[in-house]
Each structure stands twice: as C-alpha cells, then as structure tokens.
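The block underneath contains the structure these notes are about, expressed in structure tokens.
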Amino acid sequence: MADSSRDHGDSAHESAKPSARGEKPTDSYCSCCRVCNCYRDAPGTVEKPGERRGEHDEHDGKGKRDERGDDRHDSHDHGGDGHDDHGAHVDHSDHEDLFRKRFFVSLVLSLPVLYYSPMLQDWFGFTAVTFPGSEFVGPVLGVAVFAYGGIPFLRMGAVEARNREPGMMLLISLAITVAFVYSVAAAVFDIGEPFFWELVTLIVIFLLGHWIEMRSVRRASGALDELAELLPETAERVTADGETETVPIDDLEADDLVLVRPGSNVPADGVVEEGESNVTEAMITGESKPVKKGPGDEVIGGTTNRDGSLRVHVAATGEETTLSGIVRLVEEAQESRSRTQVLADRAAGWLFYAALGVAAVTAVAWTVAVGFGLPVVERVVTVLVIACPHALGLAVPLVVAINTSMAAQHGMLVRDRIAMEQARNLDTVVFDKTGTLTAGEQGIVEIATVGDWSEDDILTLAAAAEGDSEHMIAQAVRDEAGERELPVPDARGFEALEGRGVRATIERDAMPAVAPGVGHSEEGTDSGGQDGHTVSVGGPNLLRYLEVEPSTDLERFADEAGARGEGVVYVLHDEEIVGAVALADVIREESVEAIDALHEMGVEVAMLTGDDADVAHSVADELGIDTVFAEVLPEDKDEKILELQDRGHLVAMVGDGVNDAPALTRADVGIAIGSGTDVAVESADVVLVENDPRDVASLVRLSAKSYRKMQENIAWAAGYNVFALPLAAGILAPIGILLSPAVGAVLMSASTVIVAINAQLLRRADLSV
C-alpha cells in the first residue's frame, strides 16, 4: 500500500506529508471551506491539491470525463483577515477562530447600537439613557462593526468579483454595503432614518453563521489531521552498539532499526526483526481487532503497539509511507468535484444574478409605490441578504468532506469523486475470484479415511511428510495441522517426486498408534526399513507411479471433490492408501456476507476468473453469484466488463492483480484491493485498504446515503430561496407581512445551520454489512 502512493508522490504538495514539525494537512488547504476558496490564489500560498496535478484539466486517462471544473487565478492580498501572519499558507485552524473572535467583538459593539436605536426604543417602549454625544453611539459603533466584522465578507466578495465567480460573499458584501452607505448618508445628510441597528445585526448574524459553518468544516476535514497526528514526533533508533537514541522521525532512513515500546505508535513502515506484540491498525485499515505481529511481519507507520516491544527495520519513510499515501488520497478526493457539486456551484452563480434582478425589480416597484426612502432600501437589502447562496454553497462540499473522511475511517480510499458518486447506481459488481472472493491459497476442505485411521492421523502423516516442501498444498496441510494443534513428528529422507508428490520416512515410535506395526517388535515393511515407515503424499500420478488403486469409497470421494472443483491428494503408509485430502482455494467467510449484502441492495454479482468452468461454477454456486465468466485470459478481462456495459449495466470491477488493471480501468467504478499490486491500485477509483469484499457493499451504501444528503441539502437550499425571495421583496406587504433585513439574515443563517447539521447526520450512517 505504501508503494501505491509513490507514483503520484511528485505531484503531491508537502502538506500531505505528516510531519514531526506539527504541520497538518488542513493547514495548507481545507476542502469545502469558502475562506480557502476565496484565498486559494493568495501570493505565497501553496496550491490546492486538485490544482497541482498536470492532468487536472485533462482526461484522467481512463476515458472518464473530469468534471472538476476550472479555477481562475487572480492574485490578491488578504491581509487583515486573520491570515496575514501565515505567509506561506492559509491556516485552516484559524478560520473558526477568525469568525468566532469577530462575532463576539461585534456582538459587544452592537449592543449599544441596539440600545440607542430610536426604532427599537419605539417598538419596545423604553427610553435610552442620554449623555452628551449619545446620538453618535449608533453611527460610530455601527461604522466600527462594519469595519471590523464586515471586512472578511468584503474582502472575499472582492475576490469573487475579480475571479468573475459571483457568489455568496459578493451578495453579502452588496447587502451590508448598501445598508452601510444608506445609513451613513441618512445620518450625515438627514435624508431618512438610518438603520445602523439592522446593519450591525446583519453582520453579527453573518459572523455567527460562518462561525458555525467553519466549525462544521473543521469537523468534516478533521480526519486528515487525525491521520497526520498518528505518527509520533520522535523515534528510538537502535545504534550499532545496541543502544537507543531519540531522533525526529524526519531523520529516519530506510534500513534503520527502531525500538517500538508498548503503547507507542510505530514511527514508519517496516518489518519486525525481533519481538512479538499485538498492533492496533484501526485508523489505517478500519480493522478494530489488534493484529498479532512477530518477526518477518510488516507494520505500518502510525499504528499502535499494544503490549510487547518490537524492533522494526524501517522500510519506508516520509512520502513513501502508507500513511502519507492515505492522507494524500483522502486529500485529493476531498478536492475533486462531483457532478452534483458542479451543479450546485452553477446554481449559486445563477442565484447571484437572479438576486440582482429581483433586487432591481423590488427597488423600482417600491420606489414607484411609496417613493425612495428607508422602506425601499430595506426591501433591497433584505432581498440581497436572503438570496445569499450560503446554504447552497455548503450543501455539497460539506457532505463530500464527511463522506471522504468516513470512507477513510472504514478503510476505503476514494481517488475519484465522480466514481464515488456513481457507486450508488451500480447494478453489477464483478469480482475477480482468486485473492478477492477466495483467500488465494489452498485450504483443506475435507478428509476421507480408511479403516481405523482418523482424520487427525491422516493429517499428522501428511504434515510430517510435507515438512520440507514449499508447495502450496504442503503449506495448506501444515497450516491445518497447526490449527488442530496436532503433534507433527519429524521426518527424514525427504524426497520430492517430480510431478507426483513427496515421500519421507517417519520413525516407528512417532507413528500414530493405529498404524500397522506400531508398538510391535516385527520389522517394518521393505519400503520403510527397520527404523521407520515410509509416508507418501500425492495425487493420481503418485498412485500410478506406485501402481496402487484407491478403494471404491476413496474413488467416489475423489470424484465428488473433482465435481466441486477441488483437488485431491492421497496419503500412503508404506505404499498403502490410508486416506485422501480434498483441497480448494478457500472461499472467504466475508465473501458470503458481501454478496448477500449486495443482493439485498438489488445489485447483481458476477465473477471473473481464469480457472476452468467446473471450479468457477462450484465457487459461484456456493456464494450465490449470478453470472460467471470462466477460463478468461488476462488480456480478455476488460472485454467482459465491456460486454456487461454494452448490455446497459453500470459496472464495478473489484480486483487486485496486474492482470485486473485493464478491467479496473474499463469499469465505471474500479475498486482495487489495497494489498494488491501497484498497477491495480493506480488503475482504480477506490482503494480498499483491507482485503475485505464486504467493503464493496459498504462503499455502495455510503455512496447512496451521501447522495441522499446532497439531495436533501440542495432541495432545502433551493426551496428556501424560492419561498423567501418573494417574501423579502414584499409580495405579502398588502396583508401587513414584511421581512426586515435582520429577519432575512436570521432566515439565511438558519438555512445554513440546517444544511450543516443535516450533513453532520451522515456520520450516524450504519455502513456495516
């Protein structure tokens, strides 16, 4: 998995690297944040992850259209917004503080403005305490609130105007500027009643709404920072004389030996050289149970060592680590823009012009009706305030950020946002068989015995004879004996019979009690010799070589196993067949649950394999697979995907090998198993960190739930404007219903808060299978 990220390491900005110096990924850019969007072109800032790749505006190499849109670039200064100190980057951690601080300061300054407002005194029937100059409290503090609390909106509105991307900030800027200019003119030239109290109320409510928004954004993007913080700042490096020295993790190099104490996080990817322990990999792989690690096992940087000390040879550091690759993929996924996002952005732009049109019509209509004055300005300001596409601008990005974070926390790394959105519409998922639905290794399915021999006796003999063999069948036999905790005796005289099997000699006193001659003084057979018995293990070729025939029962056992696509090896004691073992590529328990879950969602499941038809159909029947493509050559796998697509299916391909890469590329959604080859991972739209097919069902479920949240948010944001704009323009004025700018600001901010809360509810989604 570490290597899977190396190919695009050159295009990833420095912030993707979890650093001991404390810089977080979101310090440089945070997705779905309008502050970052407005300041993305600031001099000295690092570029957005999605804008660094040279292929950003090209096709992605997969024949899938990149709909991320283009970003226009205009330089601007952003001093005075709490960002001047950052210079080299926009610090996302300051965004929430920026609006919170300005909210409280503006709130305090606004209270005297409200208290001394003649209109509020009239409404509530009180008289403010007066003193020399008290008539200037409202105008002076109103100007102060405008200058301090309104400046972030004005600056970001200016950026939108320069980028020719009119949106919410420009509407807010227009609204508060119109209110400010009119109020100052009214106060200075006595042309009407100023409404500084509504101006400051607008700004305070806008600041509150943006503070809540930034808080939601921070929570949504927090998974990146959590991942980055998994790496410790220092590591204990073992020196040549066996002593340890504490060094920053940035100083670690490949082949360094580090000591990882109980309770510490592993500082870098590596291989255990010494020690045993349980390691928690939940934040990396999504696997909640600790994984036992010992000499020769790989460990991932950022995982937590539980109970034993480990000495680890460093294999990868910095950008090449698994954790850096995950952070980079999550970051890029959060920056990629889906079709829904593009539509929402366009709608926000249209709404800007619609708001200007409605505001102009409102101004003309009210001027004709009542003459120019305070009511006209109030109507125009209210229209501009209510029309702010605040909720619409937040509807999709916040869901995208939460979706990507949740996917990463469940071991799913989204590389293509459009593919993630398409996953909800999948009607066919094609699995590669070996290594995906099956374990990719032989396992014992059944054992048949002769006479008084037990299964454990047969397995003991076979494991002893296969002790020195490297064949996958030998490994399966030894693994099964180990799981049953059988006392496997030592063997001598091991001999590999090419194309037939193996043969070895086992001491007489180590043989199972049921074996002929055990416990007696007579000599062993000619083949076994006086000091032991010969045990042979092999297939039909071995029987022909030894010129022996299996019993009727064993022959029937072999035929039935063959019909199921299983292989059979025979176990012989002194050239007498005493049992047979059926083996097959073991079907993983998770595969059954994954396919059942997909069927429940109405998704058909197909299997693609190079195995012969009997084996393929045997596996398919056991798993309940709908369609089988057997005996498919590696170069023809993508043609099977195309065949399904030509029938009108939206197809996902799940695979892990080099020969799966063309099919992953051809599929509408390519899903690579994280433990697979680099080529497969690089060809995929989504990478599953864990080799667990159930994550495919979780992916489809997350895609559907996320899209539903996007729809709900967009429907709310659009519906709110359709309802509120005519109300703001005064369509119900004849029956005495008018919205003030302050009420408009409350409604606008409330719609944004509702959208943010609704997006956060996605976190409660149950993705388990």
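The values are calculated or read from the model by the stated rules, or taken from the named source; none is laboratory data. What you see is a predicted model, and the numbers here were worked out from it, not measured in a lab. When we count neighbours, we look across all protein chains shown, and the Cβ atoms used for this are built from the backbone with ideal geometry, even at glycine. We work out accessible area using only protein heavy atoms, side chains counted, and drop any ligands, DNA or RNA first. Shrake-Rupley method; radii C 1.70, N 1.55, O 1.52, S 1.80 Å.
Take Leu461 and decide whether it is out of contact with any Phe, Trp or Tyr (no Cβ under 7 Å at 6 or more places or on another chain) and outside any helix (DSSP H, G or I). No.
Can you tell me which residues in the stretch 478-493 are surrounded by 15 or more Cβ atoms within 10 Å (Cβ to Cβ) and either touching a strand residue (DSSP E or B) at 6+ places or on another chain (Cβ under 9 Å) or assigned to a loop (DSSP other than H, G, I, E, B) (or both)? So that I can check it myself, show each step before the final result.
Narrowing the stretch 478-493 to residues surrounded by 15 or more Cβ atoms within 10 Å (Cβ to Cβ): 478-481, 486, 488-489, 491.
Passing the criteria: Asp479, Glu480, Leu486, Val488, Pro489, Ala491.
Residues of the stretch 425-477 that are open to solvent by 10 Å² or more (accessible area, probe 1.4 Å), modelled with pLDDT of 85 or more, of a type in the set (Ser, Thr, Tyr) and within 36 Å of the chain's Cα centre (by Cα): none at all. Filtering the stretch 496-511 to residues that are in a loop (DSSP other than H, G, I, E, B) and open to solvent by 20 Å² or more (accessible area, probe 1.4 Å) leaves Glu498, Gly499, Arg500.
Per-residue answers, yes or no, for (1) in contact (Cβ under 8 Å) with a residue 60 or more places away in the chain; (2) crowded, with 21+ Cβ neighbours inside 10 Å; (3) out of contact with any Cys (no Cβ under 7 Å at 6 or more places or on another chain):
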site	(1), (2), (3)
Ala684	yes, yes, yes
Asn691	yes, no, yes
Ala697	yes, yes, yes
Met710	yes, yes, yes
Asn713	yes, yes, yes
Phe723	no, no, yes
Val753	yes, no, yes
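Total residues in the stretch 294-320 satisfying the condition of being in contact with a Ser or Thr (Cβ under 7 Å, 6 or more places away or on another chain) and crowded, with 22+ Cβ neighbours inside 10 Å: the figure is 5. Those helices (runs of 4 or more DSSP H) of the stretch 655-769 in which at least 2 residues are modelled with pLDDT of 80 or more, considering only elements entirely within it, cover 661-666, 694-729, 741-760.
So for the stretch 112-126 (the condition being buried (at least 18 other Cβ atoms within 10 Å of the Cβ) and not in a helix (DSSP H, G or I)), does at least one residue qualify? It would help to see each step written out before you state the result.
The first filter runs over the stretch 112-126 and keeps only residues buried (at least 18 other Cβ atoms within 10 Å of the Cβ), leaving 113-114, 116-117.
If we keep only those that are not in a helix (DSSP H, G or I) too, we end up with 116-117.
Yes, the conditions are met somewhere in the stretch 112-126.
Close Cβ contacts (under 7 Å, 6 or more residues apart or on different chains) running from residues in the stretch 161-181 that are surrounded by fewer than 23 Cβ atoms within 10 Å (Cβ to Cβ) to residues that are assigned to a loop (DSSP other than H, G, I, E, B) comprise Arg162/Asp74; Arg162/His76; Asn163/Arg72; Asn163/Asp74; Arg164/Arg72; Glu165/Arg72. Highlighted here are the helices (runs of 4 or more DSSP H) found entirely within the stretch 535-649 that include at least 1 residues which are charged (D, E, K, R), open to solvent by less than 30 Å² (accessible area, probe 1.4 Å) and modelled with pLDDT under 90: 637-646.
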